[in-house]
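For reference, the structure is listed below as structure tokens.
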Amino acid sequence: MTTEVDPPGADPDRVRLYGVHTTPDGYALRDFLSRSTVAFEWIDLSHDDQARRDAGVDGLDDPRLPVCVLADGTRLERATVQSVAKQLDLLTTARSREYDLSIYGAGPAGLSAAVAAASEGLRTVVVEREAVGGQAGASSLIENFPGFPGGISGADLAERARQQAASFGAEILLVREGVEAEFHDGRIDVRLADGGRVRARANLCATGVEYRRLGIDGEERYLGAGLYYGAALSEAALCADEHVYVVGGGNSAGQAARHLAAYAAHVTLLVRGERPAASMSEYLLSRLRATPNVTIATRRQVVGLSGAACLERIVVRDGSTGRERTEPTGRMFVLIGGEPNTEWARDLGIIRDPGGYLVTGPDLLDAGRPPAVWDLDRDPFYLETSIPGSFAAGDVRHGSVKRVASAVGEGSMAIPFVHRHLESL
Ligand SMILES: Cc1cc2nc3c(=O)[nH]c(=O)nc-3n(C[C@H](O)[C@H](O)[C@H](O)COP(=O)(O)OP(=O)(O)OC[C@H]3O[C@@H](n4cnc5c(N)ncnc54)[C@H](O)[C@@H]3O)c2cc1C
């Protein structure tokens, strides 16, 4: 159905989204578009008359929300990431039956590998379950990546890498998730969540890490409705005049607090330990301490969440006294580290460490000998997993340094080994 909706003041060149900001589907769309660097306008509906007038629906409870109106006037009701991505031509399907290299994950490691592989003539496909950028895409300002003295936003960096990889001919399939892999006849066949399949002669797993959950009641219920895992950059502008909470003591939590402080009335950083983690850069900690609307509260743990349709209150326990306090807030951002995305490898026999990270290269050797499952005369290449031709790079790899520059380095470094593997087939 195609109709025009043009409320006064709306910018007609942008994608416009109409919805209620406390709903998870609205958040999923905002997050996807902001990571994909698609300019959009979120029109927050706060009463039935406005919903009727601006969005052309019957009221705030109308199931046709969220509504998305594209720059050409196309109107999508019950808009989802899939339907909007499709309409924006961001959803492509694999063009070839077989590739030289399939890469899973379009974070810094996967994108850098795609640039290197495609520029060296390998038929390359990248499969990404969300938008490009990975965790780095959630970083408001990456200040330690060489070549950008003033810093660069993660979404911008990722979009540049995406364009570069595409210009060399890499195919990038977004909103596609690899769920099951099979290795046979020197090929890897991966089944995607949407039923599609991708076949390649070598593969690189660059699936990074998943945010760890708090493990308290209500997490699923408030997900995207006031509770966010990661920095949720798209939400910052909606935090004006609010007191928001960030949970975590590492660098990413610190960055998120600093970014949110530019929009929110107040940001409280809840740190479980006695002080922020050693992983929080000194420069960041001093900037946070100097920001008047940021409070760093140590020895604090969130133990409860409540609210009707969306998050309205959190319960915070003071680790020194054991006392619990209920704090009113509509938004909490949780950044307490991650776990590797390697569930798909569980039944495949690929060697993982006790934390689930993929073990590669020299780390597979025991007293200089490869593991029993390894049946080649040579040792595994650096960055090669226990399955020949299957490589891993970035945060998902055992022993990796959790930084953008190192993920980028590993991604491109994997490609010479991919060539050597392909030459041996
Ligand atoms: C908020 C935040 C701020 C940060 N700031 C900095 C910083 O300033 N400087 C710095 O050096 N580091 C920073 N980091 C760390 C840095 O972003 C990571 O080390 C880096 O992104 C790791 O890159 P990666 O490609 O290995 O994995 P990721 O960035 O985690 O990317 C993995 C990708 O794989 C996709 N994926 C997962 N499973 C599948 C699947 N089954 N199929 C298809 N795709 C899949 C994910 O959707 C994701 O896009 C920050 C991290 C966060 C969270």
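No lab work stands behind these numbers, since they all come straight from the coordinates. In this text, all values refer to a predicted model and were calculated from it rather than measured experimentally. Backbone-built Cβ (ideal geometry, glycine too); neighbour counts: all protein chains shown.
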Summing +1 per Lys or Arg and -1 per Asp or Glu among the other residues with Cβ less than 9 Å from residue 58's Cβ gives -1
Of the candidates 380, 295, 348, the farthest towards the positive dipole end of the stretch 267-425 (Lys/Arg Cβ +1, Asp/Glu Cβ -1, centred on the Cα centre) is 295
Given the candidates 412, 281, 335, the one whose Cα lies deepest towards the positive end of the charge dipole of the chain, counting +1 at each Lys or Arg C-beta and -1 at each Asp or Glu C-beta, is 281
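Between beta-carbons, use under 11 Å as the cut-off and find the net charge around residue 301, counting Lys and Arg +1, Asp and Glu -1.
On the way: positive: 272, 299, 300, 317; negative: 318, 324.
Net charge in that neighbourhood comes out at +2.
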Counting only DSSP loop positions in the stretch 208-242, the trypsin sites (Lys or Arg not before Pro) whose Cβ has at most 11 other Cβ atoms within 10 Å are none
CD proxy, 222 nm, the chain: helix-only mean residue ellipticity via -39,500 (n - 2.57) per DSSP H run with n ≥ 4, per residue, nearest 500, stands at -6500 deg cm²/dmol
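Where the only charges are on Cβ atoms (+1 Lys, Arg; -1 Asp, Glu), what is the dipole of the stretch 15-87 about its Cα centre, to the nearest 20 debye? Provide the component values of the computation, followed by the final result.
Details: 9 positive and 12 negative charges, 66 e Å.
Around 320 debye, computed over the stretch 15-87.
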The answer for the net charge of residues other than residue 174 whose Cβ lies under 14 angstrom from its Cβ, with Lys and Arg +1 and Asp and Glu -1, is -3
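Taking every DSSP beta bridge that has both residues in the stretch 15-87, what percent is antiparallel when rounded to the nearest 5? It would help to have the intermediate numbers written out before the result.
On the way: 5 of 10 bridges.
Just about 50 percent of them are antiparallel.
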Diffusion coefficient in µm²/s returned for the chain by Stokes-Einstein, Kirkwood Rh over C-alpha pairs, 25 °C and 0.890 mPa s, is 107 µm²/s
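Calculate the dipole size of the chain relative to its Cα centre from +1 charges on Lys and Arg beta carbons and -1 charges on Asp and Glu beta carbons; express the result in debye to the nearest 20. Show your work: numbers first, answer last.
On the way: 45 positive and 58 negative charges, 178 e Å.
So the dipole magnitude of the chain works out to roughly 860 debye.
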